[in-house]
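Encoded as structure tokens, the structure appears first; notes follow it.
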Amino acid sequence: MQPLSKVLPPSAATTPEGHLSIGGCDVVALAEEYGTPLVIYDGGLLRDTMRRYVQAFRAHDPHTEVIYASKAFWAQALLRMAHEEGLRMDVASGGELFMALHAGFPADKIVMHGNAKDAKEIGEALDALVGLVVVDSLDEIALLDQLAGERGRTQDVLVRVTPGVKPSTHKYISTGQLDSKFGFSLEGGLAADAVAACRAAANINLMGLHCHIGSQIFELGAYPAAAHLLAQFVKEQGGDDLAIMDMGGGLGIAYTRDDDPPSVEEFADVVMDAVHAEWDAAGLPRPRVMVEPGRSVVGRAGLTVYRVTGTKDIPGVRRYAAVDGGMSDLMRPMLYGATYEALLPERPDAEASQSLRLVGKHCESGDVLIQEADLPEVGRGDLVCLPATGAYGVAMASNYNGVTRPAVVFVDQGKATLAVRRETYADLVARDL
Ligand SMILES: Cc1ncc(COP(=O)(O)O)c(C=O)c1O
């Protein structure tokens, strides 16, 4: 017997039959009822994490705003929950804007991102009356000014700045980081040009700056480093129109039991203390701070359950186990070599007895979910579960190989609610003429 992985949601437990349960629901029963692959979210943990975020940041300043980065996972049920919990919403395309509005999100709480917004998307944001547009290029500033003018409106904006701080999971380095497709670098004067362009634009109302230094960050020292450079920049620019400082997202989560990320509260303390200290030191009035987490709101709350379709032993090489999903529902291992752990929901506390390669069903050799998965004996028909798949999992899902995208179910206090139905074969041809 081994303890349940700490990567699972805290509600993880074992049922009297020895099955894994999440939010009081038996994962094996859920897989039987809804089919596999199945994405299960612990609704209680989602809500709790949103509340912790708001409380932790507002403890430093009640005007602080937590903006959920919807790209991490955008089911309507989740977007509605974020609104109920008082978060704002980051959308990065016309489609994400549509989904937020469809979920009843008030437009003035929406922050429109995107490094390549086209005229249609900018028009949609203007027509919806979104609260803030984060501008990412000089072309966009000119287009936004023109389209806002045509509508007789002024749009509030933040300028996306790349401060030249490059975080990694265990360290950070200050670099030129001029070479990014996102935003305006401080180095080389691009950020100053963007501020000047916004100030000169008749239909743009500059409200502040935005900066997102990276993702899956464990080394929080990168935030004070960024805050220092940003405060210097605000001082250089003068004026009182840089009153908002959106510090982006980036807090990491544990994907395996070796990962030990900072808590939401530690993140809030570091970001807020750094911004306040740097603005105070620069003799500037403290800004209204915003943060924009995605992964750390939804990542740990989600897990994906697959069924093993078969195993294969290559003598002297390795054992493979294939499952009924893969890169179409969990792209991150292929995209960035991301690591996950696996466990068997029917025997979650069974000791691992082998290391095998857990692969998906797609026609790509790279469709590997876990390169070396430590598991007990497993065979055709068994369920396998990957914890911590809640962020950038189904949000990046595709129909490659005509595989239908999974159902998503929310569980809380013993009750399961289908949030997104499984795609059907009819869905696969619904757009074809
Ligand atoms: C502009 C912006 N804000 C917020 C986020 C969310 O980041 P994370 O999921 O790491 O918290 C991202 C992620 O890519 C982003 O690009």
Original post:
If you check ALA388 against the conditions, is it under 26 Å from GLU32 (Cβ atoms), among the small types (Gly, Ala, Ser), buried (at least 23 other Cβ atoms within 10 Å of the Cβ) and within 16 Å of the ligand (Cβ to nearest atom)?
Top reply: yes
Subject >> Only one of GLY390, GLY360, GLY381, GLY414 that is outside the structural domain of PRO261 (by TED's automatic domain parsing), more than 26 Å from ALA301 (Cβ to Cβ) and either of a type outside the set (Ser, Thr, Tyr) or more than 20 Å from the chain's Cα centre (by Cα) (or both) >> reply: GLY381
**OP:** Taking the residues in the stretch 100-144 that are farther than 20 Å from ASN203 by Cβ and more than 16 Å from the ligand (Cβ to nearest atom) as candidates, determine which candidate is surrounded by the most Cβ atoms within 10 Å (Cβ to Cβ).
**Re:** PHE105
Original post:
On the given criteria, is GLY326 closer than 30 Å to ASP412 by Cβ, small (Gly, Ala, Ser) and more than 16 Å from the ligand (Cβ to nearest atom)?
Top reply: yes
Original post:
On the given criteria, is GLY164 of a type in the set (Gly, Ala, Ser) and modelled with pLDDT under 95?
Top reply: yes
Subject >> Residue that is among the β-branched types (Val, Ile, Thr) and more than 13 Å from the ligand (Cβ to nearest atom), where the choices are ILE244, ILE217 >> reply: ILE244
Subject >> Long-range neighbours under 6 Å by Cβ, at least six apart or interchain, first residue under 26 Å from VAL91 (Cβ atoms) and near the ligand (Cβ under 10 Å from one of its atoms) within the stretch 290-315, second of a type in the set (Gly, Ala, Ser) and part of a strand (DSSP E or B) >> reply: GLU292/ALA69; GLY294/ALA69
Subject >> Conditions (1) out of contact with any Leu (no Cβ under 8 Å at 6 or more places or on another chain); (2) of a type outside the set (A, V, I, L, M, F, W, C); (3) away from the ligand (no atom under 16 Å from the Cβ); number of the one not met by LYS235 >> reply: (1)
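The values are calculated or read from the model by the stated rules, or taken from the named source; none is laboratory data. These numbers were taken from a predicted model, which means no experiment stands behind them. Cβ: placed from backbone, ideal geometry, glycine included. Neighbour counts: every protein chain shown.
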